[in-house]
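Asks: Right, I'll just put the structure down here and ask away after.
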């Protein structure tokens, strides 16, 4: 084990800014990107549903 | 189709593009003056110290040549695309690759060649020695055709696309990096007395590669754009 | 393109290939990808936890660089993935261009943002590593410079595709650009390296410290696997979105469970 205590772990031997800056940015982007990708899919789904509903409505009107 | 008629078609395309450019000289001159102005701005931004200017001269001249070539890329296919000539060319019996090669050669004759011939005059502003000026011209003569060949791919890809002018720079400039490194490197190597042969032969190798793949990729890109 | 149509027909004669293409159709791939995504997320988490454990608790402190070197466990995997994803992207793009398969183009499109993200992470972590090691946020090191150009290539690909409205043309134009890029990447790397050695002499190498312990290598490999699985999971998620956007008028889309309800 490399670390005596939690604070030692977070200090990273004086390189805390650099190490946590790297890991933090990495974690942040890897959380944001999947969220954006999922959002894109759900947006496509709502769009689709709206289109289908609009089509059905217009069909209902034309069929006697 | 015989070889002679292919060469005849090639010559006809080059002649046609040169004639068209002669009718609208301002396009060609704008590129040249852009080159001159950009190069002349650097001493104003950096200071007139001769030792410093000599050191940055190869990079400045080459980057300016890169930008000037890139600015002229838009007129490579755009006008012919707009009036439908390009579609006629794609349908003609001559392979499109030959016509594309002709257009690229014409583009180089109108942008790269004048830049290379103008460069030594601008090099004097930067206090380059005669030998280095020679290397600069040779490096531009070998390097600028590569810029035209690669640029043609970008111009074909962005044909008729929203914001094509800026987009083409985004696509093409990263691909220009090797030419810039070895072009400016040749002059620099000569300045430091290392000899520029290695750089120039590598530039020539790039030219061979680009001449082989460039027109082919441009043809594919043009067919996609014309679909 | 007339050429491609002939190409596809010629290959279409072969029944085995027909099946293969059928399997790769968006209609079959969409639900399949949906089933695979959770597994790749699980693998990514598993490898990630193992890699972080090795990286922070097993790998010893570096004699020269102290604790700062632990950035290696994300810097190197991000750089590897950024290059690997470009190759995979170009592969799909070429497949799409050669065989006119719709899905390949969508795969290439969905990989590009993840590749750009990896290239960006590589640059960001490289800068944060450079500061304590070299005393500067940015050093024109051959690797960092090539990575920067790779990042530009990704941006160019994304910009080109988003500027073209017709998805089929966007796929093909992107494919040509990706292939031109693939041919150029080795040349760019070689020239940047040449340029770098001429101007800087021997530079400190980020990745090859002489005393690289075996455990460090393991940490890097595990993290690279985690990044790989992450890239697959997120690009599959994105390709599903792209499929829905482009295939909205296909019959099978309307019969999907999530659309019908």
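Computed from the coordinates by the stated procedures, all read-outs in this text should not be read as laboratory data. Treat the numbers as computed from the prediction; the structure is a model and nothing was measured. A quick note on method: Cβ atoms are made from the backbone with ideal geometry, for glycine too, and the neighbour counts reach across all protein chains shown.
Asks: Arranged by the count of other C-beta atoms within 10 angstrom, fewest first, what order do C:235, C:162, B:169, A:7 take?
Replies: A:7, C:162, B:169, C:235
Asks: Any idea how far apart residue B:37 and residue B:25 come out in nm if each label point goes 7 Å out from Cα toward Cβ?
Replies: With each label placed 7 Å out from Cα toward Cβ, I get 1.9 nm.
Asks: Counting only Cα, what are the radius of gyration and maximum Cα-Cα distance Dmax of segment B:1-63, in Å?
Replies: Using the Cα atoms of segment B:1-63, the pair Rg, Dmax is 19.6, 60 Å.
Asks: Let me have the relative contact order for segment C:116-162, percent, based on Cα pairs under 8 Å that are six or more residues apart.
Replies: Values: 24 pairs, mean separation 19.4, N = 47.
So the answer I get is 41 percent.
Asks: What does the average come to when, for each residue of peptide B:172-183, you count the partner chain Cβ atoms lying within 10 Å of its Cβ? List each step's numbers first, then the result.
Replies: On the way: counts 2, 3, 13, 12, 2, 12, 10, 2, 2, 10, 3, 0.
Counting Cβ atoms of other protein chains within 10 Å of each residue's Cβ and averaging gives 6.
Asks: Sticking with this one: Averaging over all projection directions, find the projected area of the Cα convex hull of segment B:3-226 and quote it in nm² with one decimal place. Before the final figure, lay out each step's value.
Replies: Details: hull surface 49.5 nm².
The number I arrive at for segment B:3-226 is 12.4 nm².
Asks: Evaluate the Kirkwood expression for the hydrodynamic radius of chain A, namely the inverse of the mean inverse distance over all pairs of different C-alpha atoms, and round to one decimal in Å. Write down the numbers at each step before the final one.
Replies: On the way: mean 1/r = 0.0615 Å⁻¹.
By the Kirkwood definition, the hydrodynamic radius is 16.3 Å.
Asks: Another question, then. Once the Cα atoms of helix B:50-72 and of chain B are each reduced to a long axis, what angle between those two axes, in degrees from 0 to 90 to the nearest 10, is obtained?
Replies: 10
Asks: Here is a further query. Between residue B:90 and residue B:209, what FRET efficiency follows from the Cβ-Cβ distance if R0 is 25 Å, with the result rounded to 0.05?
Replies: Values: r = 25 Å, r/R0 = 1.01.
Working from the Cβ atoms, E equals 0.50.
Asks: In nm, to one decimal, how far is the residue B:83 label point from the residue B:162 one, both placed 7 Å along Cα→Cβ?
Replies: 2.9
Asks: Another question, if that's okay. Rounded to the nearest 10 degrees, what's the angle between the helix B:112-125 long axis and the longest principal axis of chain B, both from Cα atoms, 0 to 90?
Replies: The two axes meet at around 10 degrees.
Asks: Could you check which residue among B:49, B:188, B:87 shows the biggest mean-square fluctuation in a GNM of chain B with a 10 Å Cα cutoff?
Replies: B:49
Asks: Among C:80, C:252, what is the fewest-to-most ranking by other Cβ atoms within 10 Å? Let's see the in-between values first.
Replies: Details: C:80 18, C:252 14.
Sorted ascending by nearby Cβ count, the order is C:252, C:80.
Asks: Under 10 Å, Cα contacts only: if you run a Gaussian network model on chain A, which one of A:25, A:44, A:54 comes out with the highest mean-square fluctuation?
Replies: Highest fluctuation among the options: A:54.
Asks: Quick one: helix B:130-157 against the long Cα principal axis of chain B, what's the angle to the nearest 10°, folded into 0 to 90?
Replies: Compared with the principal axis, the helix lies near 30 degrees.
Asks: For the protein assembly as shown, compute Rg over Rh where Rg is the Cα radius of gyration and Rh is the Kirkwood radius from the inverse mean 1/r over Cα pairs.
Replies: Values: Rg = 26.8 Å, Rh = 26.3 Å.
Rg/Rh: 1.02.
Asks: Still on this structure, I have one more. Relative contact order for chain B: what is it in percent, counting Cα pairs under 8 Å that are at least 6 residues apart? Walk me through the numbers before you get to the answer.
Replies: Details: 254 pairs, mean separation 58.2, N = 227.
With pairs under 8 Å counted, the relative contact order is 26 percent.
Asks: Separate question: Would you calculate the separation in nanometres between label points at residue B:49 and residue C:255, each defined as 7 Å from the Cα along the Cα-to-beta-carbon direction?
Replies: 7.6
Asks: Can you give the convex hull volume of the alpha carbon atoms of segment B:94-221 per residue, in Å³? It would help to have the intermediate numbers written out before the result.
Replies: On the way: hull volume 13.3 nm³, N = 128.
Value for segment B:94-221: 104 Å³ per residue.
Asks: Connecting C-alpha atoms closer than 10 Å in a GNM of chain B, tell me which of B:121, B:38, B:187 has the biggest fluctuation.
Replies: Fluctuation is largest for B:121.
Asks: Principal axis extents for segment B:1-109, Cα atoms only, whole Å, descending order, please.
Replies: Projected onto its principal axes, the Cα set of segment B:1-109 covers 59, 28, 18 Å.
Asks: When the helices in the protein assembly as shown are scored as -39500 (n - 2.57) per DSSP H run of 4 or longer and the sum is shared across all residues, what 222 nm value do you end up with, to the nearest 500 deg cm²/dmol? Intermediate results must be reported in sequence, preceding the final value.
Replies: Working: 23 runs with 448 residues, N = 552.
-28000 deg cm²/dmol, from helical runs alone.
Asks: Can you pull the mean other chain C-beta count within 10 Å for peptide C:89-102? Spell out each step's value before the answer.
Replies: On the way: counts 0, 0, 0, 0, 0, 0, 0, 0, 2, 0, 0, 0, 0, 0.
Taking all residues of C:89-102 together, the mean is 0.
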